[in-house]
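The values are calculated or read from the model by the stated rules, or taken from the named source; none is laboratory data. All of these numbers come straight from a predicted model, not from anything done at the bench. Methodologically, a virtual Cβ is constructed for each residue, glycine included, from the backbone with ideal geometry; neighbour enumeration extends over all protein chains shown.
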Amino acid sequence: MKNKLVKMMALLTATTMVAAGVMGCGSDSSDANADANTDTTASDTTANADTTDGSDLSGTVTLAGSTSMEKLANAMNEAFMEKYPNVSATAEFTGSSAGIESLEAGSVDIGDASRALSDDEKSQGVVENIVAIDGIAVITDTANTVTDIKSEDLAKVYTGEITNWKDLGGPDEQIVVIGREAGSGTRDAFEELMDVKDSCKYAQELDSTGAVLAKVAATPGAVGYVSLDVLDDTVNGLKINSVEPTEDNILAGDYVLQRPFVMATKGEISEQSKQVQAYFDFINSADGQNVIKSVGLIIPNSK
Amino acid sequence: MTGGKATKHIVETIAKVIFLICAAVAIVAVLSITVYMFAKGTPALAKVGVIDLLFGTVWQPTAATPSYGILYIILTSIAGTAVAILIGVPIGILTAVFITEVSNKKLAAIVQPAVELLAAIPSVIYGLLGLMVLNPLMYRLEKRVFAGSTTHQFTGGSNLLSAIIVLAIMILPTVINISVSSIRAVPGHLKSASLALGATHIQTIFKVMIPAARSGIMTGVVLGIGRALGEAMAINLVAGGSVNLPLPFNSVRFLTTQIVSEMSYAEGLHREVLFTVGLVLFIFIMIINLVLAQARRKEPLKNDRK
C-alpha cells in the first residue's frame, strides 16, 4: 500500500515537471502578429472604393496603447467588426506612451492614450482624437457632512496623512479609505489623476464598483471612488475643489477627476486608410456612442 | 436464451469498462489539475524569484517597479484558518457530544437537522450575513478598541476577525457531523465498562468516548481545515481585501480572495503570480489531504489494540 502511494507520487511529480517544461516554452507570439498586421494595412488601403456598406469594406485596423482603454477598445472593436465583418480590428494594450510610439513608428493605425497628448507628441504630427472621457466620482456615506474636498486633501486622505473627517471640517469620525483592487482601471485612473500612484493606503480593496458603492453606503466615515456613471442616491458624490461631479462639469473641464481617452492618428482622420476612417465614423455613429456609454464613459463635446 | 453465457460475458466486460472509465475521470481530473497548476504557477516563481515572491511583504503588482511579495497573504491564510479551527473545533466537538450523549432524543432531533442545514447553506450567504451584520458590529468594536489611536488604519469592520468568525461557523457542520458519527461508532461496551467502574457520565464522555473516537474527530478537524483554507466567496466579502499583516483588526487578504479579486484585470506577470498563489494554496490543500490520509491509516491499528 505504501509502496504504491510512493510510486504514484513519483509519477505525479515526473509528469508535472515534464508538463511544466513544455508549457514554459509556448508563449510570446504576439509581437510577430503586430508586424504582420502592419504590412496588410498598407496594402489594403487602396483596395476599396467609396462605399458605406459595411460588408464591402475589408482589411484591418490596428490599435495599440493604454491598458485603461482595454474595455473601450475591445467593446468598440467587437461592435465595429459586427458592422464590418470583413475588417479585422485588433488592439494591443501596451501603455499610452508605448501606443503613441508605435503610432509614430507606423506599426499601428491608432494609438490609444488615456491622457492628453504632449506637445512633443503633437509636433510629431500625431493628431489627438478624443473619443471618450473617463470621469470618477469620490463618494462618502450619506450621513457625512463633508460635501466638498480639495484635491490635495483628497490625495492626503488616500495616502493616510489625513485620517479623521474632523480635519476636513466634518464630524469626529475616522476615515475608512476604500478603493479598488490592483489592476482595476478606475483605481489606475484615480491614482494617476491624484498623483498618488502606488502610495495609497487602502483600508479595503474591493473587486467591483458595486461593492465599493455598497460598502461606502453602509460604513460610517467611508470614502471611495467609482466611475461617474454609477453614482446614485445611496451615497454622496463629493465636490472636488467645489465642483460637482456631473457630466456638464466634466465636459466644461472644471472637474479634475477626469481624463480623456484619445485614439490618436498620424495625421488627420481624413488622411487615414478607408478602414480607419470607417472606424472613426463608427465611433461617431449612434452605435459607437452607445458602446462608449455602455462601458461607463462620457461622450465628449461634438467635434 | 441461446448464447446466454456469451451475452453475459459481454455485459460483464462492458460494465467493467464503464466502471473503469468512471474511475479514470477522477484520476485524470486530479492529474491534469496538478499538471496545470504547476505549469502555470512555476514560471512566475522563476521570474520574480522564490524568495522575493514567497517571503516578500510588499504587494504592488501594478506599480512602476512592481513588487510581488505574498508573505502576508500566506500568513493570513495560515493564521485565519488556525484561529478559526481553534474556535470552531471545541464548539463542534461539544455540539457532537451534546447530540450523541447529553441531549434527549427530541432536542437532538432538532439540533442535528439544524447542523445539517448549516452545511447546505451556500458560502456566499455566510458572506452576505457577515457583510451586513458582522462588519458593522466589528466596526463598533474596532472604534472602541482603537479609540484615540492615530496609527491604526480604520477598516470599517472588514478585518481578519470577521473572516475568522465566518470561517469558524462554516467549519462547524463538517466537524460536528463527522464527530457525531465517530462518537456513535464507539463500541457500547467501552461506555458500559466505564460507567460500571463508577465513572460519571461526563467523565465517561471525556475520558473514554472522545479518546476512543479521536481518529474520527481528527478526520473532521482536518476536513474543516481544508474547508477553511479553501473558502473564498464568504471571506472575500468580509475580510476587507488589503494586503496586510494578519492582525485581528487589520484588513487582510487570503490566498483564495487574492485570486478571486485580482484575476479579472490582471495581466502579464501579475496574472502569472496569481497562478503561483493558486499553486501555493493547492500545495497547502495537498498537505492537508496527506495528513488526512495518514490519520485515517492509523485508525485500524488503534482499534486492534483495545
**OP:** Have a look at B:Ile27, B:Ile14 and point out the one that is within 14 Å of chain A (Cβ to nearest Cβ) and farther than 30 Å from B:Gly268 by Cβ.
**Re:** B:Ile27
Original post:
How about segment B:240-249: which of its residues are more than 9 Å from chain A (Cβ to nearest Cβ) and more than 21 Å from B:Phe282 (Cα to Cα)?
Top reply: B:Asn244, B:Leu245, B:Leu247, B:Pro248, B:Phe249
Original post:
Among the residues of segment A:133-150, is any without any contact (Cβ under 8 Å) to a residue 12 or more places away in the chain, surrounded by fewer than 22 Cβ atoms within 10 Å (Cβ to Cβ) and not small (Gly, Ala, Ser)?
Top reply: no
Subject >> In segment A:169-186, the residues that are away from chain B (no Cβ under 11 Å) and either under 16 Å from A:Tyr225 (Cβ atoms) or part of a strand (DSSP E or B) (or both) >> reply: none
**OP:** Answer with yes or no whether B:Lys5 is assigned to a helix (DSSP H, G or I) and within 14 Å of another protein chain (Cβ to nearest Cβ).
**Re:** no
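One line per residue, one yes/no per condition, for (1) out of contact with any Lys or Arg (no Cβ under 9 Å at 6 or more places or on another chain); (2) surrounded by fewer than 23 Cβ atoms within 10 Å (Cβ to Cβ); (3) not assigned by TED's automatic domain parsing to the domain that holds B:Pro187:
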| position | (1), (2), (3) |
| --- | --- |
| B:Arg214 | no, yes, no |
| B:Gly226 | yes, yes, no |
| B:Gly230 | yes, yes, no |
| B:Ile235 | yes, no, no |
| B:Gly240 | no, no, no |
| B:Leu245 | yes, yes, no |
| B:Glu267 | yes, yes, no |
Original post:
Within segment B:184-210, which residues are of a type outside the set (S, T, N, Q), surrounded by fewer than 14 Cβ atoms within 10 Å (Cβ to Cβ) and in a helix (DSSP H, G or I)?
Top reply: B:Gly188, B:His189, B:Ala193, B:Ala196, B:His201, B:Ile202, B:Phe206, B:Lys207
Original post:
Given segment B:59-135, what helices (runs of 4 or more DSSP H) lie entirely inside it while holding 2 or more residues that are touching a Pro at 6+ places or on another chain (Cβ under 9 Å) and within 14 Å of chain A (Cβ to nearest Cβ)?
Top reply: B:71-97
Original post:
How do the pairs read when you match residues in segment B:194-223 that are hydrophobic (A, V, I, L, M, F, W, C) with residues anywhere that are at pLDDT 90 or above and assigned to a loop (DSSP other than H, G, I, E, B), using Cβ under 8 Å and keeping only pairs 6 or more apart or on different chains?
Top reply: B:Val208/B:Val186; B:Val208/B:Ala199; B:Met209/B:Val186; B:Ala212/B:Val186; B:Ala212/B:Pro187; B:Ala213/B:Ala185; B:Ala213/B:Val186
